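Undergrad: If you scroll down you'll find the structure; I have some questions about it.
The values are calculated or read from the model by the stated rules, or taken from the named source; none is laboratory data. Keep in mind that what you see is a predicted model, and the values were worked out from it rather than measured. Glycine also receives a Cβ, built like all others from the backbone with ideal geometry; neighbour counts cover every protein chain displayed.
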Amino acid sequence: MLTPTTPCNLPLGNGLVLKSVRDTNDAERLSEFNAQPFGPSVGEMSRALMIHHPDTRPHHWLFIEDDNHQIISSLALIPWTWRYEDVTLKSGEMGIVSTLETHRNKGLIRALDARFKELLHDEDFDFSHIQGIPYFYRQFGYEYAMPLEGQWQIELRHVPDQVPNSGYICRAATIDDIPLLMQMYDEAAATLDIHAVRSADIWRYLLEDAAGSETEAETWLMLDSSDHAVGYWRIALHGFGEGLIVSDTSRLRHAAAEVLLSWLKAAAVERNKPYIRFNLPANHDLLRVAMYRGARDAGTYAWQLHMVDVACLLKKLTPVLERRIAASPFAGLSQEVIINLYRKAVTLNFERSKLRAVNDIGFTDKGEIRIPPLLFAPLVLGYRSREELRQAYPDVNIWGQSQHLVDVLFPKLESFLFSIY
């Protein structure tokens with residue numbers, strides 16, 4: 001059910017009003033609007049997220065009405081919780097962005113984005129991320145900065161039909177399995193430097209409330225001969241390509257992974273899927289087994305990221321940055337480090353490896369570390385190294401020992417966001 005919140009009602013002129021969802025009637029109208037360009041499964045996803053997801057709120061769902069009270073443009077803020085090593089962060093996904101064709105190029109998304117960014121700031125979000133179309137969202141401060149939609153594929157002919165006498169059995173997961181699923185998910189996520197947090201309520205949503213939506217998936221468990229669960233996996237029922245999509249799995253021992261590959265082949269044949277696709281991080285147990293059997297990488301897209309407040313984010317990352325300094329040749333560092341993002345700069349004040357202060361100092365021409373503002377997100381999130389960014393962008397201008405310091409503070413990381421809806 002909808003959680004009561006204070007709705008937005010902002011006149012934009014020319015009879016247009018920017019609003020947020022107030023009640024179930026608005027939720028239904030907005031779901032029907034989202035179904036027009038994206039199809040009924042996205043409409044159902046919108047409805048499920050608004051009504052059932054534990055973390056979304058009505059005021060996160062924004063739309064613009066014309067003078068006939070018809071919705072003509074919309075977008076949503078979908079809250080995620082991330083773990084960046086041992087630090088908890090908040091990211092607001094910008095999702096389900098749409099404008100009627102007859103009302104495009106009128107600045108409606110710009111108006112919605114302004115309200116969206118107010119919500120990010122007011123509710124202390126650290127990032128916003130979006131799956132959006134190429135290039136468009138750079139104008140709103142987004143840059144590619146985290147892997148999205150892995151496209152590892154294996155042809156069915158490379159997978160054994162079955163593993164004889166394995167002793168394993170497979171069954172669909174239920175809500176009674178949530179504590180077990182949470183434990184196995186956390187164990188798998190621990191192999192990543194950055195991952196999404198899934199609460200018990202989110203697992204309940206995935207198992208019970210996503211049915212019929214664009215993100216609907218089956219969740220399965222594998223049990224050994226002692227009826228002990230050795231792993232789980234999720235099969236997305238919608239998605240890119242014609243293959244059977246593995247969208248999530250626990251850690252798996254080699255024997256269990258081989259059994260799962262055979263199970264996936266049988267499922268693909270039964271469902272007339274020509275291949276198996278793994279939407280998984282590159283370091284994943286199942287994917288590694290599939291690689292040895294001939295899985296190939298058809299390319300990976302990326303989340304586009306916007307940093308809400310750089311200084312506040314770096315303050316939150318203090319434990320991570322201090323640990324990296326202490327374990328490096330810079331141990332004992334006492335120095336003011338200026339990170340110049342051209343339009344403004346932040347300072348990191350280290351004292352004997354401890355980060356005592358982080359300050360936003362506005363515009364300055366000082367500092368040996370100079371990075372275009374949109375490129376700081378891929379560096380902080382470990383998606384691109386300093387050297388990779390420098391080779392592609394001459395205005396990534398870092399010199400002297402500051403190059404080594406930046407490499408220590410912001411190394412390459414393993415990250416992947418398994419869905420929370």
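Undergrad: When the residues of segment 300-327 are filtered to those that are touching an Asp or Glu at 6+ places or on another chain (Cβ under 9 Å) and assigned to a loop (DSSP other than H, G, I, E, B), which remaining residue is farthest from residue 128 (Cα to Cα)?
TA: 300
Undergrad: Would you mind finding the one in 325, 245 that is more than 19 Å from the chain's Cα centre (by Cα) and at negative phi?
TA: Going through 325, 245 in turn, the sole match is 325.
Undergrad: Is it fair to say residue 124 is on the phi > 0 side of the Ramachandran plot, touching a residue at least 24 places away in the same chain (Cβ under 8 Å) and assigned to a loop (DSSP other than H, G, I, E, B)?
TA: yes
Undergrad: If residue 411 meets every condition in (1) touching a strand residue (DSSP E or B) at 6+ places or on another chain (Cβ under 8 Å); (2) over 18 Å from residue 142 (Cβ atoms) apart from one, which number is that one?
TA: If we test residue 411 against (1) touching a strand residue (DSSP E or B) at 6+ places or on another chain (Cβ under 8 Å); (2) over 18 Å from residue 142 (Cβ atoms), just (1) comes out false.
Undergrad: Identify the residue in segment 36-74 that is under 14 Å from residue 96 (Cβ atoms) and surrounded by fewer than 18 Cβ atoms within 10 Å (Cβ to Cβ) and, among all such residues, is farthest from the chain's Cα centre (by Cα).
TA: 36
Undergrad: For the structure I just gave you, tell me whether residue 221 is more than 22 Å from the chain's Cα centre (by Cα) and of a type in the set (A, V, I, L, M).
TA: yes
Undergrad: Continuing with this model, one more query. Scan segment 7-60 residue by residue and report those that are among the polar types (S, T, N, Q) and on the phi > 0 side of the Ramachandran plot.
TA: In the first step, residues of segment 7-60 are kept if they are among the polar types (S, T, N, Q); the result is 9, 14, 20, 24-25, 31, 34, 36, 41, 46, 56.
If the condition is that a residue be among the polar types (S, T, N, Q) and on the phi > 0 side of the Ramachandran plot, then 14 is the only one that fits.
Undergrad: Right, here's the next one. Could you please let me know if residue 67 is in a loop (DSSP other than H, G, I, E, B), farther than 26 Å from residue 122 by Cα and of a type in the set (D, E, K, R)? Can you show your working first?
TA: Working: in a loop (DSSP other than H, G, I, E, B): yes; farther than 26 Å from residue 122 by Cα: yes; of a type in the set (D, E, K, R): yes.
Yes.
Undergrad: Quick check on segment 91-120: of everything there that is polar (S, T, N, Q) and not in a helix (DSSP H, G or I), which residue is surrounded by the most Cβ atoms within 10 Å (Cβ to Cβ)?
TA: Restricting to residues being polar (S, T, N, Q) and not in a helix (DSSP H, G or I), the top hit is 91.
Undergrad: From the list 336, 387, 351, which residue is more than 30 Å from residue 76 (Cβ to Cβ), in contact with a strand residue (DSSP E or B) (Cβ under 6 Å, 6 or more places away or on another chain) and at pLDDT 95 or above?
TA: Working: 387 fails: in contact with a strand residue (DSSP E or B) (Cβ under 6 Å, 6 or more places away or on another chain); 351 fails: in contact with a strand residue (DSSP E or B) (Cβ under 6 Å, 6 or more places away or on another chain).
After ruling out the rest, the residue left standing is 336.
Undergrad: Residue check: is residue 329 surrounded by fewer than 20 Cβ atoms within 10 Å (Cβ to Cβ) and either without any contact (Cβ under 8 Å) to a residue 40 or more places away in the chain or in contact with a Phe, Trp or Tyr (Cβ under 6 Å, 6 or more places away or on another chain) (or both)?
TA: no
Undergrad: Let me ask something additional. Against the conditions (1) surrounded by fewer than 21 Cβ atoms within 10 Å (Cβ to Cβ); (2) assigned to a strand (DSSP E or B), where does residue 160 fall short? Just the number, please.
TA: Looking at each condition in turn, residue 160 falls short on (2).
Undergrad: Where the second residue is in a strand (DSSP E or B) and the first is within 15 Å of residue 145 (Cα to Cα) and lies in segment 386-404, which pairs have Cβ atoms under 7 Å and are six or more apart or on separate chains?
TA: What qualifies is 386/398.
Undergrad: Oh, and also: Checking the condition out of contact with any Pro (no Cβ under 9 Å at 6 or more places or on another chain) and among the aliphatic types (A, V, I, L, M), which residue from 190, 145, 200 passes?
TA: 190
Undergrad: Another question, if that's okay. Any idea which of 176, 113 is acidic (Asp, Glu) and within 29 Å of residue 38 (Cα to Cα)?
TA: Result: 113 is the single residue among 176, 113 that is acidic (Asp, Glu) and within 29 Å of residue 38 (Cα to Cα).
Undergrad: Something else about it: Within segment 358-368, how many residues are of a type outside the set (Asp, Glu) and surrounded by 14 or more Cβ atoms within 10 Å (Cβ to Cβ)?
TA: 4
Undergrad: So, residue 87, is that one over 22 Å from residue 382 (Cβ atoms) and assigned by TED's automatic domain parsing to the domain that holds residue 71 or not?
TA: no
Undergrad: Restricting the search to segment 239-254, which residues are surrounded by fewer than 19 Cβ atoms within 10 Å (Cβ to Cβ) and over 19 Å from residue 168 (Cβ atoms)?
TA: 239, 240, 241, 242 - these are the residues of segment 239-254 that are surrounded by fewer than 19 Cβ atoms within 10 Å (Cβ to Cβ) and over 19 Å from residue 168 (Cβ atoms).
Undergrad: May I ask you to verify whether residue 257 is farther than 15 Å from residue 153 by Cα and not in a helix (DSSP H, G or I)?
TA: no
Undergrad: Please state which one of 201, 193, 227 is of a type outside the set (Val, Ile, Thr), touching a residue at least 60 places away in the same chain (Cβ under 8 Å) and farther than 23 Å from residue 287 by Cβ. Walk me through it before giving the result.
TA: Numbers: 193 fails: farther than 23 Å from residue 287 by Cβ; 227 fails: touching a residue at least 60 places away in the same chain (Cβ under 8 Å).
None of the others qualify; the one that does is 201.
Undergrad: Condition first: over 10 Å from residue 163 (Cα atoms) and hydroxyl-bearing (Ser, Thr, Tyr). Now tell me which residues in segment 250-283 satisfy that.
TA: Those that are over 10 Å from residue 163 (Cα atoms) and hydroxyl-bearing (Ser, Thr, Tyr): 250, 275.
Undergrad: Now for a separate question. Under the condition of being more than 22 Å from the chain's Cα centre (by Cα) and of a type in the set (Ser, Thr, Tyr), which residue from segment 381-404 is nearest to residue 83 (Cα to Cα)?
TA: 402
Undergrad: Go through 245, 235, 178, 276 for me and flag whichever is of a type in the set (A, V, I, L, M, F, W, C) and assigned to a helix (DSSP H, G or I). It would help to see each step written out before you state the result.
TA: On the way: 245 fails: assigned to a helix (DSSP H, G or I); 235 fails: assigned to a helix (DSSP H, G or I); 276 fails: assigned to a helix (DSSP H, G or I).
After applying the criteria, what remains is 178.
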